[in-house]
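To keep things clear, I will list the structure first and then write my remarks on it.
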Amino acid sequence: MKRKICVTTGTRAEYGLLKPLMFEIQKNPKLELKLIVAGMHLSKKFGSTIKEIKTDGFKISGTVKMVPKGNTNFDMSLALADGIKQFSILFKKIQPDINIILGDRDEPYASAIAAFHMNIPNAHLHGGDKSQAGLDEYIRHSITKISNIHFAASKKSMNRIKKLGENPKFVFQTGSTGIDAIFQNNITSKNELERKYNLKFTGNEILFVQHSITTKSNKSKYEISQTLNALKKLKIPTIAISPNSDAGHQEIFDVMEIFSKKHDFFKIYPSIPRNDYLGFLQNCKVLLGNSSSGVIEGSYFDISVINIGIRQKDRDRGTNVIDVNHSTNEIFNILKKIIFSDKNIHYKNCYIYGDGTASKKIVNILTKIKINDELIQKQIHY
């Protein structure tokens, strides 16, 4: 009998990281993929990215509607509660052997809480990472403590998981599945991007992704305004992606919408398919904002990453990351230096997040690991 592996995906970015793993699970004759699609994937406002999942050929076992109805932390809390209930109902129906979650958002958190209450072992990807991404930091380590199997993306993350008291026998340094697609060259070409997005690359384009920080969501309007004021001074072609659904996102969304109507160089997309996003990383001059993709996927491209604020502070990163504050002058000065420099800036790949084989390593473990009392009956290991 095949082992049922349930995968939860709740956002466009996290789906991009999970997709190579999902393909590997499907290919393995010992495993059966069960996919739950949740959160932003189901929202028109955030691009209805469930369509991309269906286009990729994945069969969906269930959906969980848990996008917050408002723009506050209170709304996020209510959505989390709704999500736990819906995941519980789906798990009772699907009866998975292992539940896979990735990262540090409310969708995987709700999935993990429901699973461990039903004695379904959780397998967590990207646990042990370190940042100051608001509530994400709380959630990431909380998921580690209710997970049974840990697939760490880096050596430092693996060591942090062990320091949290997890059984070293079930902690594996696999690298990040998000890097697999890069090594497989699943990247949209420059010509195809130009055709699809009606643009012509000059070599100076900016890719822009900025989210709110959930522990200080009241600062979102100020923070996005500081960034856009810097871009207004430069007027460099910018491909901007809408923020995620966290508290404070609406202020960012509204300010960006007004800005885009006034400035032709600034184009907003609610979502960009994963292969296209990697294509922009490959062809743009700068990735600007506070997305984890800057320090993870960005470390494998020859692109300058300007990381704004504390959201990705202390996360493992390559030599191409430059940290700045939410300051118009700081952002403007570093952008000007990078874009108008006479020197061609190049960065060496550090391979912090693996060699593109994470999905294969994880699937190999999923097929062999024993689901027994040693795995389920957890204790602190120190």
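Every number here is computed from the coordinates shown, using simple stated rules; none is lab data. A quick note: this is a predicted structure, and the numbers were derived from the prediction, not measured. Cβ sites come from the backbone with ideal geometry, for glycine too, and all protein chains shown count toward neighbours.
Descriptive notes on the structure:
- Measuring max minus min along each principal axis, the C-alpha atoms of region 222-360 give extents of 44, 37, 27 Å (largest first).
- Cross-link reach list, lysines versus K200, counting only Cα pairs under 17 Å and skipping chain neighbours closer than eight places: K190, K235, K267, K285
- Net charge of the neighbourhood of I252, taken over other residues with C-beta under 9 Å away and scored Lys/Arg +1, Asp/Glu -1, is -2.
- Region 190-339, dipole about Cα centre (Lys/Arg Cβ +1, Asp/Glu Cβ -1), debye to the nearest 20: 380 debye
- Centroid-to-centroid separation of region 286-340 and region 83-135 [C-alpha atoms, Å]: 30 Å
- The chain: relative contact order as a whole-number percent, Cα under 8 Å and 6+ apart: 18 percent
- Close amide H pairs (under 5 Å, H built 1.01 Å from N) link V64 with V37, A38, G39, residues at least 5 positions away or on another chain.
- Cα long-axis angle, helix 73-94 against the chain (0 to 90 degrees, to the nearest 10): 40 degrees
- Under 23 Å of direct C-alpha separation, and excluding same-chain neighbours fewer than eight residues apart, K169 reaches these lysines: K4, K30, K130, K145, K155, K156, K360, K361, K368, K370, K378.
- Helical runs assigned H by DSSP (4 residues or longer) give the chain a calculated mean residue ellipticity at 222 nm of -12500 deg cm²/dmol, each run adding -39500 (n - 2.57) before division by the residue total.
- Selection from A114, N283, I239, by position along the positive dipole direction of the chain (Cβ): A114
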